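**Q** Before anything else, here's the structure in question.
The values are calculated or read from the model by the stated rules, or taken from the named source; none is laboratory data. Please read all numbers here as calculations on a predicted model, not as lab measurements. With ideal geometry, Cβ positions are generated from the backbone for all residues, glycine too; neighbour counts draw on all protein chains shown. To get the accessible areas, we keep the full protein, side chains included, count just its heavy atoms, and leave off ligands, DNA and RNA. Shrake-Rupley method; radii C 1.70, N 1.55, O 1.52, S 1.80 Å.
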Number of protein chains: 2
Amino acid sequence: MVRIGFDVGGTNIKAGILDDSMNIVAKRMTAFPKESGYRKVVRKMHETARELLLECHLNEGDVKSLGIAVAGAVDVANGVSIKACNLGFYNAPLSEEMKQHFPSIPIHVINDAYAATLAEFKKGALKGCSNAILLTIGTGIGGGVVLDGKLFYGGMKHGIEPGHATLALDGPLCTCGNRGCVETLCSATWIAEKGKANAKAVIDRAKEGDPACLEVFNEYIENLSSALASLTVLFDPEIIALGGGVSLAGRFLFEPLGEKVKQKSFFKYPYKIVPAELGNDAGMIGAALAE
Amino acid sequence: MVRIGFDVGGTNIKAGILDDSMNIVAKRMTAFPKESGYRKVVRKMHETARELLLECHLNEGDVKSLGIAVAGAVDVANGVSIKACNLGFYNAPLSEEMKQHFPSIPIHVINDAYAATLAEFKKGALKGCSNAILLTIGTGIGGGVVLDGKLFYGGMKHGIEPGHATLALDGPLCTCGNRGCVETLCSATWIAEKGKANAKAVIDRAKEGDPACLEVFNEYIENLSSALASLTVLFDPEIIALGGGVSLAGRFLFEPLGEKVKQKSFFKYPYKIVPAELGNDAGMIGAALAE
């Protein structure tokens with residue numbers, strides 16, 4: 001039996017088939033059909049799934065489950081994408097729609113940050129840890145928390161949004177309407193704006209010793225380490241994994257960051273701060289593994 | 001069967017006996033014997049317990065359990081007060097010591113903020129809620145979180161410290177060494193310093209319309225609502241109860257606070273923000289109920 005996963009982003013849809021050992025046996029990336037509505041998006045995903053199955057000499061009966069990861073608020077119980085602005089989904093019943101095409105396959109819809117957390121937990125950087133956090137650092141910051149060996153969906157099942165905790169009461173205005181959210185001070189966007197180049201370029205130049213970029217990078221470490229230390233006083237996790245482009249900076253990022261987090265963490269405990277392992281496939285893998 | 005609870009503070013020790021219905025049947029307050037070491041403190045607690053039992057015509061055999069609430073880090077499994085600076089306890093084996101006096105009674109040692117949370121959860125403002133938070137606002141800020149019907153001790157069992165999450169990256173220096181912790185901007189101490197009087201006086205004058213005190217109070221609401229909104233994006237609780245003197249301000253505090261939290265909370269959900277119900281007895285009651 002195999003599992004199918006989709007990670008639906010505003011630019012591309014990633015699709016993949018996972019075998020019983022959670023290995024990717026086939027994958028494909030297609031353009032997201034902008035402004036065409038959820039029905040057309042689901043139709044396109046269905047076509048892709050058929051093609052991938054054919055490629056693997058499999059058919060519908062070989063599929064254990066199909067998962068769809070989308071940004072924003074999700075009604076997990078009913079498989080509805082409640083609000084995903086960059087996809088144009090508002091109360092889009094993705095599960096119901098996909099069921100029209102694959103009536104015999106269990107369909108799951110999951111928030112993309114949660115999917116990535118689930119993937120890292122099942123086969124990536126968080127594997128074997130019962131209490132763990134993943135933060136994905138990109139344009140914004142998404143994340144997920146594993147508590148006691150289970151993905152934590154929030155007490156009222158709204159999900160959790162670690163990127164929107166307040167880090168600086170009078171900080172920059174956030175897309176959510178508040179000021180100084182973690183996202184405004186710890187995203188790749190912050191690095192790019194402060195360093196007047198894309199985040200990768202700023203970090204690369206900082207590595208080479210460029211004083212202006214190094215200053216931006218050091219300030220970034222201060223911001224991010226305070227955000228992570230705050231998570232440690234609230235969740236006290238064994239490990240925090242960071243995904244997204246920024247996490248590719250390697251030891252240049254993780255060594256000073258780990259030191260600072262330990263120093264700032266109330267319990268002075270050496271929390272493991274590590275790079276995520278599954279890269280851009282995390283959302284798709286997590287979608288496939290959703291149950 | 002009854003339960004005995006102690007709340008050991010730097011000024012006083014509160015002791016009480018709870019019946020099977022969690023009602024207080026006897027209680028007593030005694031001075032904390034400063035600088036005398038944990039052995040003498042435990043001896044004094046034992047004497048008080050004997051007196052209370054006598055008063056209720058009970059004996060050791062009627063006692064189901066005895067709990068001790070102390071500030072700071074606690075090794076719950078071994079009943080050790082790891083670090084409680086204001087009590088002078090450092091790796092104090094309170095459970096072992098109390099066992100010398102009451103060999104047949106199960107002894108529990110618990111952090112005081114956790115004890116208060118447990119008490120509010122079992123018989124106070126959080127009763128019947130599976131996902132809830134208590135913040136006790138005083139000189140500092142302590143708190144506890146109930147997740148899925150259980151007190152959450154943190155992933156690595158260090159406990160959690162909601163007063164030491166960062167709220168203002170460049171804010172005032174905190175006793176923990178970081179800047180801008182929730183505690184530095186949301187404690188009664190903040191109100192007192194800003195209002196140049198004790199917190200109660202500042203709030204009372206704000207109620208009467210004193211412009212300077214009203215300004216302090218409104219700024220306080222901004223600070224506290226951001227702290228609570230941050231907790232909602234991370235824990236998504238059904239309810240948050242506030243204890244400590246500040247919470248006695250009533251609707252004058254809770255009405256604007258509830259509005260602001262809803263407005264700032266990412267999910268725009270009307271989280272219940274309510275006063276705690278058990279007042280100064282919460283720690284003692286929770287200690288008695290510890291299991």
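**Q** Just the Cα atoms of the range A:4-60, one point each, no solvent: what log10 I(q)/I(0) does Debye give at q = 0.12 Å⁻¹?
**A** Evaluating at q = 0.12 Å⁻¹ gives log10 I(q)/I(0) of -0.27.
**Q** Which of the residue pairs A:LYS268/B:LYS34; B:LYS123/B:LYS260; A:LYS194/B:LYS194; B:LYS207/B:LYS264; A:LYS122/A:LYS200; B:LYS14/B:LYS122 have a Cα-Cα distance greater than 31 Å in the structure shown? Write out the running numbers ahead of the final one.
**A** Numbers: A:LYS268/B:LYS34 28 Å; B:LYS123/B:LYS260 28 Å; A:LYS194/B:LYS194 34 Å; B:LYS207/B:LYS264 24 Å; A:LYS122/A:LYS200 29 Å; B:LYS14/B:LYS122 19 Å.
Listed pairs above 31 Å: A:LYS194/B:LYS194.
**Q** So, one more: I'd like the residues of the range A:113-159 whose 1.4 Å-probe accessible area shrinks by no less than 50 Å² going from the isolated chain to the full set of protein chains.
**A** A:GLY155, A:MET156, A:HIS158
**Q** Heavy atoms only, 1.4 Å probe, whole protein assembly: order A:GLU35, B:GLU291 by accessible area, highest first. Mind dumping the intermediate values first?
**A** On the way: A:GLU35 185, B:GLU291 165 Å².
Largest to smallest exposure gives the sequence A:GLU35, B:GLU291.
**Q** Taking beta carbons within 10 Å but only from partner chains, what does the mean come to for residues B:223-235? Before the final figure, lay out the partial values.
**A** Numbers: counts 2, 0, 1, 6, 3, 0, 5, 11, 2, 8, 14, 13, 8.
Counting Cβ atoms of other protein chains within 10 Å of each residue's Cβ and averaging gives 6.
**Q** What angle do you read, to the nearest 10 degrees and between 0 and 90, between the alpha-carbon axis of helix B:37-55 and the longest principal axis of chain B?
**A** So the inclination is approximately 80 degrees.
**Q** Tell me the total accessible area that A and B bury against each other, 1.4 angstrom probe, in square angstrom rounded to 100.
**A** Working: alone 13830 and 13860 Å², together 24390 Å².
So the total buried area for this chain pair works out to about 3300 Å².
**Q** With a 1.4 Å probe and all protein chains in place, put A:VAL76, B:VAL182 in order of accessible area, largest first.
**A** Working: A:VAL76 70, B:VAL182 10 Å².
Result of the area sort, largest leading: A:VAL76, B:VAL182.
**Q** What number comes out for the charge environment of A:SER65, summing +1 per Lys or Arg and -1 per Asp or Glu over other residues with Cβ under 14 Å away?
**A** Working: positive: A:ARG3, A:LYS64, A:LYS99, A:LYS122; negative: A:ASP19, A:ASP20, A:GLU60, A:ASP62, A:GLU291.
Computed value for this residue: -1.
**Q** Heavy atoms only, probe 1.4 Å: what % of the accessible area of the protein assembly as shown goes to carbon and sulfur, would you let me know? Before the final figure, lay out each step's value.
**A** Details: 12420 of 24390 Å².
Here it works out to 51 percent.
**Q** I would also like to ask the following. On a 0 to 90 degree scale, rounded to 10, what angle separates helix A:112-123 from the longest Cα axis of chain A?
**A** Helix A:112-123 and the main axis of chain A meet at about 90 degrees.
**Q** Could you calculate the contour length gain from B:ASN12 to B:LEU248, that is, 0.36 nm times the residue separation minus the distance between their Cα atoms, to one decimal place in nm?
**A** Numbers: separation 236, 0.36 × 236 = 84.96 nm, distance 2.14 nm.
Between B:ASN12 and B:LEU248, full extension yields an extra 82.8 nm.
**Q** Any idea of the accessible area per residue across the range B:130-263, 1.4 Å probe, to the nearest Å²?
**A** Details: 5190 Å² over 134 residues.
Result: 39 Å² of accessible area for each residue.
**Q** Evaluated at 25 °C with a viscosity of 0.890 mPa s, what Stokes-Einstein diffusion coefficient in µm²/s does the range A:143-191 have when Rh comes from the Kirkwood expression over alpha-carbon pairs? Mind showing how you got there, number by number?
**A** On the way: Rh = 11.8 Å.
Result for D is 208 µm²/s.
**Q** Moving on. Hull surface divided by four, with the convex hull built on the Cα atoms of the range B:61-160: how many nm²?
**A** Numbers: hull surface 28.8 nm².
If you wrap the Cα atoms of the range B:61-160 in a convex hull and average its projections, you get 7.2 nm².
**Q** Are there any residues in the range B:245-291 with a reduction of at least 10 Å² in accessible surface when going from the isolated chain to the assembly of protein chains? Probe 1.4 Å, please list them by number.
**A** Flagged in the range B:245-291: B:LYS264, B:PHE266, B:PHE267, B:LYS268, B:TYR269.
**Q** Taking the Cβ of A:ILE82 as the centre, find all other residues whose Cβ is under 13 Å away and add up their charges (Lys, Arg: +1; Asp, Glu: -1).
**A** Details: positive: A:LYS83, A:LYS157, B:LYS268; negative: A:ASP75.
For residues surrounding A:ILE82, the net value is +2.
**Q** Give me the percent of DSSP beta bridges within the range B:36-126 that run antiparallel, rounded to the nearest 5.
**A** Working: 6 of 11 bridges.
Percentage antiparallel, nearest 5: 55.
**Q** While we're on this one: Tell me, what is the 1.4 Å probe accessible area of B:LYS262, in Å² to the nearest 10?
**A** For B:LYS262, solvent-accessible area is about 90 Å².
**Q** Shifting gears a bit: For labels at B:GLU47 and B:LYS207 in the simple 7 Å Cα→Cβ model, what's the distance in nm?
**A** Reported label-point gap for B:GLU47 and B:LYS207 is 4.0 nm.
**Q** Pairing the Cα long axis of helix A:211-235 with the longest principal axis of chain A, what angle in degrees results, from 0 to 90 and rounded to the nearest 10?
**A** Here the helix axis deviates by roughly 70 degrees.
**Q** Here's another thing I want to ask about it. Computed over the Cα atoms, what is the radius of gyration of chain A divided by 2.2 N^0.38 Å, N being its residue count? Walk me through the numbers before you get to the answer.
**A** Values: Rg = 19.3 Å, N = 291, 2.2 N^0.38 = 19.0 Å.
Normalised by 2.2 N^0.38 Å, the Cα Rg of chain A equals 1.02.
**Q** Run the numbers on chain A and let me know its relative contact order in percent, using alpha-carbon pairs under 8 Å that are six or more apart. Working shown, then result.
**A** Working: 625 pairs, mean separation 58.6, N = 291.
20 percent.
**Q** Sort the following peptides by mean Cβ neighbour count (other Cβ atoms within 10 Å, averaged over residues), highest first: A:152-165, A:37-50.
**A** Values: A:152-165: 22.9, A:37-50: 17.9.
Top of the packing list down: A:152-165, A:37-50.
**Q** Can you pull the Kirkwood radius for the range A:222-290, inverse mean 1/r over Cα pairs, to one decimal in Å?
**A** Working: mean 1/r = 0.0783 Å⁻¹.
This gives a value of 12.8 Å.
**Q** Can you tell me which aspartates and glutamates have their Cα less than 15 Å from the Cα of A:LYS272? Leave out same-chain residues fewer than eight positions away.
**A** A:GLU120, A:ASP236, A:GLU238, A:GLU255, A:GLU259
**Q** Quick one: if you take sqrt(5λ) for each eigenvalue of the C-alpha gyration tensor of the range A:1-133, what semi-axes come out, biggest first, whole angstrom?
**A** On the way: eigenvalues 90, 78, 36 Å².
They are 21, 20, 13 Å, listed from largest to smallest.
**Q** How far is the Cα center of the range B:246-291 from the Cα center of the range A:212-275, in Å?
**A** 32
**Q** Shifting gears a bit: Expressed as a whole number of Å, what is the distance separating the alpha-carbon centroids of the range B:7-58 and the range A:1-56?
**A** Their Cα centres are 65 Å away from one another.
**Q** Report A:VAL216's accessible area, 1.4 Å probe, all protein chains in place, as a number in Å² to the nearest 10.
**A** Roughly 20 Å² of A:VAL216 is accessible to a 1.4 Å probe.
**Q** Further question: Within 14 Å, Cβ to Cβ, of B:ILE17, how many net charges do the neighbouring residues add up to if Lys/Arg are +1 and Asp/Glu are -1? Walk me through the numbers before you get to the answer.
**A** Values: positive: B:ARG3, B:LYS14, B:LYS27, B:ARG28, B:ARG50, B:LYS64; negative: B:ASP7, B:ASP19, B:ASP20, B:GLU51, B:GLU55, B:GLU60, B:ASP62, B:ASP281.
It works out to a net charge of -2.
**Q** Convex hull volume of the Cα atoms in the protein assembly as shown, per residue, in Å³?
**A** Working: hull volume 97.5 nm³, N = 582.
Convex hull of Cα atoms, per residue: 168 Å³.
**Q** When the accessible area of each residue in the range A:164-182 is compared between its chain alone and the complete protein assembly (1.4 Å probe; ligands, DNA and RNA ignored), which residues differ by at least 20 Å², being lower in the assembly?
**A** Buried-area filter returns A:HIS164, A:ALA165, A:THR166, A:LEU167, A:LEU169, A:CYS176, A:ASN178.
**Q** Could you name the aspartates and glutamates whose alpha carbon sits less than 14 Å from that of A:LYS27, not counting residues in the same chain fewer than 8 places away?
**A** By straight Cα distance, A:LYS27 reaches A:ASP7, A:ASP19, A:GLU47, A:GLU51, A:GLU55, A:ASP281.
**Q** Do you know the relative contact order of the range B:1-158, to the nearest whole percent, from alpha carbon pairs under 8 angstrom that are 6+ apart? The partial results should precede the final answer.
**A** Details: 295 pairs, mean separation 28.1, N = 158.
Worked out over the range B:1-158, it gives 18 percent.
**Q** So if each residue of separation counts as 0.36 nm, and I subtract the Cα-Cα distance between A:GLU259 and A:LYS196, what length gain in nm does that give? Can you show the working numbers first?
**A** Values: separation 63, 0.36 × 63 = 22.68 nm, distance 2.72 nm.
Contour length minus Cα-Cα distance gives 20.0 nm.
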